[in-house]
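The values are calculated or read from the model by the stated rules, or taken from the named source; none is laboratory data. Since the structure is predicted, the reported quantities are computational estimates derived from the model, not experimental observations. Here Cβ is always computed from backbone atoms with ideal geometry, including for glycine, and neighbour counts include all displayed protein chains.
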């Protein structure tokens with residue numbers, strides 16, 4: 001990426017997104033595009049498409065997600081899955097349609113089995129049961145038996 005590239009960081013206020021933003025700023029990247037949820041609802045397909053058409057990011061870091069704790073994950077499993085799938089689908093498709101050069105989609109360590117060996121490796125995916133309290137949040141790529 002060149003230092004003047006338009007870079008969109010979805011989820012720039014979260015733990016990972018804010019770390020990406022700080023790292024890019026420290027490396028001299030100056031055209032970072034950020035939007036708070038109140039400014040851009042990533043579950044709204046038209047709003048996301050309009051944003052990409054207007055801002056024309058060249059690179060996208062997708063670190064945005066609906067997150068909660070154990071109680072929220074357990075209480076609202078369908079809402080978590082739905083909102084996260086909509087965010088992912090809208091951002092990835094808009095990035096594709098607008099010609100984004102690269103998109104980095106970040107997942108959560110919660111998608112790995114509860115008893116996976118440490119350190120985690122990609123090949124550990126789908127090799128065991130998830131932590132029950134993470135299923136609604138983490139199993140968006142696996143389906144969810146509790147919905």
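Things to note:
- Qualifying residue in the range 36-45 (condition: touching a strand residue (DSSP E or B) at 6+ places or on another chain (Cβ under 8 Å) and closer than 30 Å to residue 135 by Cα): yes
- The single condition among (1) free of Cβ contacts under 8 Å to residues at least 24 places away in the same chain; (2) within 21 Å of residue 101 (Cα to Cα) that residue 19 does not satisfy is (2).
- Among the conditions (1) farther than 22 Å from residue 109 by Cβ; (2) assigned to a helix (DSSP H, G or I); (3) without any contact (Cβ under 8 Å) to a residue 40 or more places away in the chain; (4) out of contact with any strand residue (DSSP E or B) (no Cβ under 9 Å at 6 or more places or on another chain), the only one that residue 53 does not satisfy is (3).
- Pairs with Cβ under 9 Å, 6+ apart, first in the range 65-78 and closer than 16 Å to residue 131 by Cβ, second at pLDDT 90 or above and assigned to a loop (DSSP other than H, G, I, E, B): 67/14
- Residues satisfying the stated conditions in the range 16-40, i.e. assigned to a loop (DSSP other than H, G, I, E, B) and surrounded by fewer than 16 Cβ atoms within 10 Å (Cβ to Cβ): 27, 28, 30, 36, 37, 38, 39
- Residue match in the range 76-87 (condition: modelled with pLDDT of 95 or more and on the phi < 0 side of the Ramachandran plot): yes
- Count of residues meeting criterion [surrounded by fewer than 14 Cβ atoms within 10 Å (Cβ to Cβ) and either in contact with a helix residue (DSSP H, G or I) (Cβ under 9 Å, 6 or more places away or on another chain) or without any contact (Cβ under 8 Å) to a residue 12 or more places away in the chain (or both)] in the range 115-125: 7
One line per residue, one yes/no per condition, for (1) within 17 Å of residue 70 (Cα to Cα); (2) in a strand (DSSP E or B); (3) modelled with pLDDT of 90 or more; (4) within 17 Å of the chain's Cα centre (by Cα):
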{"residue": "113", "(1), (2), (3), (4)": "yes, no, no, no"}
{"residue": "119", "(1), (2), (3), (4)": "no, no, yes, no"}
{"residue": "123", "(1), (2), (3), (4)": "no, no, yes, no"}
{"residue": "130", "(1), (2), (3), (4)": "yes, no, no, no"}
{"residue": "133", "(1), (2), (3), (4)": "yes, no, no, no"}
{"residue": "136", "(1), (2), (3), (4)": "yes, no, no, yes"}
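- Residue-level analysis places residue 101 outside the set of residues that are closer than 23 Å to residue 17 by Cβ and either crowded, with 17+ Cβ neighbours inside 10 Å or modelled with pLDDT under 85 (or both).
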